[in-house]
Amino acid sequence: MSDIIRLLPDSVANQIAAGEVIQRPASVIKELVENSVDAGASDIKIIIKDAGKTLIQVIDNGIGMSETDVRMAFERHATSKIRNADDLFSLSTMGFRGEALPSICAISEVEVRTRPEGEQMGTRLVILGSKVTVQEPCVCDKGTSISVRKIFFNVPARRKFLKSDTVELSNIMREFERLALVNNNVRMHIDTGVRNLDLRTASLRIRIEDIWKNTLKSDHLIPVDVDTSLVRIEGFVSRPEFARRRNPLQYLIVNGRNMRHPYFHKAIMSCYDSLIASDTMPCYFIRFSVDPSTIDVNIHPTKNEVKFEYEQQIWPILVSAIKAALGKFSAVPSIDFSVDAIPLHPMREGDTMPAPHIEYRNDYNPFASAARATRVRVGSDWERLYDNFSGHSPSREPAAFTHAEADRAELSAGVSPEPEDDIFTLAGDHDADTPQVCIQYASKYIVTTTRDGLVVIDQHRAHVRILYEEYLARAERMEVVSQTVMFPETVSLDASQQAALGGITGELRRLGFSLEYDSDTTWRITAVPALPKGTRASDVIMRILDSIAEDSVNYGKEGNVGDAIAGRVALVMARAAAIRGGQRLSVTEMEGIVSSLFVLPDPSVTPDGNMVYTVLDESRIARLLT
Ligand code: ADP
Ligand code: MG
């Protein structure tokens, strides 16, 4: 077999930002198994000792590597999978960055045995901390076996960061499940010492059953299948009656790759809106197949986020397909779904597409609808909202719709009205012509009336609450725009801050911040998101690191670290940008704040736990007057 590995040209190497590929044992498994899949393996075995801290071994029966190739494979940006930047847009392999093997061998002891088909002898390579210490011919099976020992042995901060064996093992099993789900045509075997799972090759449905046989039955699932020239969507969603209160199994697979995609997640959830209790969630296993040139998977080093070019056109296809499936299997008798609404031809930018017509039986709640429409509007005007508050002249359109406008927008947007009981109702919300009355008191408080009483709102806290939500929503929708800075600021960090930073650089990047190691204890901030006026990126970073240090108790625990970091960034930025006490506000500005505040899920407290407003109801006022 001929040598097939090439070095990427520098230009491409730079285009592909070096990243945090390996965070924990589970990431090693992901990278090695994906390499095995790329090597055409039909059988992959994984052996784990001590939750991966002692050994992670992946054995495959793929194409193997020649003597020269295996040596080359551990060079940075060495890949056999792409040759130039254009290939990034027609990817058919899991790997392409040429980063995994060099990253793994930089932080562990690696032993490789590999033999291409047709060769007599294979090659054995031992690499200690990036140095090849042994290279010799060996007898081995066709394919490749890679053993990774003592992960992070030379990065004490990282090794310390590893969680208990239980947590790391559960991360490993979750990663294995994801890989097994995506590669149902590969036999997959894992032995962790605690669990031993051997999965035959099977259809997607059987694979799902085999993986989750203890928690999921196949009659819980409804097939979804739609094929258009823009996208093929297939898979399974759970019947509404099997929605779960905890740990729903939710998987999106895009061209054979497991992906997070908050936008499509929301699309799927919206199909269950009126079908399941609000504290439960459906399971879903949805596969998208699209032309690789219409997606970008190179937006994150771990390659688990994807950007679709035709996201907005795919939304209605996805929603119709799922509603059709739920309807067809008579899960939802009350929905009048229309399969005709599924476009069978690709739509391009600018095309419009009527949302499928769906009738809900819910009672119409005018406040909920106004609230939703307002929220949409404020979301898109987020920067302007606070830009204006930091200036003086509010010579602009009102930030909020009038209720009449909102209702019209609501109708034309086809948003489903649904009751939102936890929000109290604003006075006059049922009467489109009654304007909201807001007055400012002591340059600090906004006073307004509701059916429930007189509301006194702390203007600063209210604005912190609003901006916080907006920022988080943007991060979730991946709408954070990051800008490279010409003259990077630097921050100087002590060892624990560096360790903390190491664990969150991926998240920070998602939020628009890129940091590069400079020298010694110094890091350069090379890219930043749009920041509130007068806020320095280095301040934001330092405050985030401080807040991690303050409660490393909370941080280290289970739960989504990413969300925690996003929350911290959002809070720091919201605090910096929010209007202050002492600032005079126009009626329009006050109305903007009031209407944006009361559409939030919990408007009554700031993210850091301060009360945002108090309500003086009639009886309280009467008591004050006795
Ligand atoms: P990438 O997967 O992005 O190309 P890696 O660092 O993961 O980068 O791997 C580098 C190269 O090593 C791959 O392009 C491939 O040619 C080779 N390689 C890695 N693992 C295997 C394997 N299990 N079988 C055959 N070749 C492999
Ligand atoms: Mg790879």
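In order along the stretch 513-525, phi translates into HN-Hα couplings of 9, 10, 10, 10, 5, 9, 7, 6, 10, 9, 10, 9, 9 Hz, rounded to whole numbers, per the Karplus curve 6.51 cos²θ - 1.76 cosθ + 1.60 with θ = phi - 60° and x for Gly and Pro. Scanning residues 5 or more positions from LEU454 or on other chains, those with amide H under 5 Å from its amide H are LEU616, ASP617, with H placed 1.01 Å from N in the peptide plane. Inter-label distance, ARG477 to ARG205: 3.7 nm, where each label sits 7 Å from its Cα along the C-beta direction.
Taking 7 Å steps out from each Cα toward its Cβ at ASP50 and LYS163 produces label points 2.0 nm apart.
I need the calculated FRET efficiency for the pair ASP539 and SER519, taking r as the beta carbon distance and R₀ as 22 Å, to the nearest 0.05. Using R0 = 22 Å, I get an efficiency of 0.50. Reachable lysines from LYS131, Cα under 30 Å, same-chain residues fewer than 8 places away excluded? Within the straight-line cut-off, LYS131 pairs with LYS30, LYS45, LYS49, LYS53, LYS81, LYS142, LYS150, LYS160, LYS163, LYS303. Rounded to whole numbers, the Karplus 3J(HN,Hα) couplings from phi for the stretch 483-492 are 10, 6, 9, 5, 10, x, 6, 10, 10, 9 Hz, using 6.51 cos²θ - 1.76 cosθ + 1.60 with θ = phi - 60°, and x at Gly and Pro. What the Cβ-Cβ distance of ILE439 and ASN196 gives, at R0 = 56 Å and to the nearest 0.05, is a FRET efficiency of 0.20. Annotation: extensible slack from SER218 through THR294 equals 24.1 nm (criterion: 0.36 nm per residue apart, minus Cα-Cα distance). For TYR251, the residues whose modelled amide H falls within less than 5 Å of its own, excluding neighbours fewer than 5 places apart on the same chain, are TYR284, PHE285, ILE286.
Amide hydrogen proximity for GLY235: with H placed 1.01 Å from N in the peptide plane, the residues at 5 or more positions away or on another chain lying under 5 Å are VAL224, ARG287. In order along the stretch 231-245, phi translates into HN-Hα couplings of 7, 10, 10, 9, x, 9, 10, 7, 4, x, 6, 9, 4, 10, 7 Hz, rounded to whole numbers, per the Karplus curve 6.51 cos²θ - 1.76 cosθ + 1.60 with θ = phi - 60° and x for Gly and Pro.
Scoring 503-514, 220-231 by mean Cβ neighbours within 10 Å over their residues and listing the highest first yields 503-514, 220-231.
We did not get these values from a lab; they are worked out from the coordinates using the rules stated. Please read these numbers as outputs of a predicted model, since none were measured by experiment. Glycine gets a Cβ as well: all are built from the backbone with ideal geometry, and neighbour counts include every protein chain shown.
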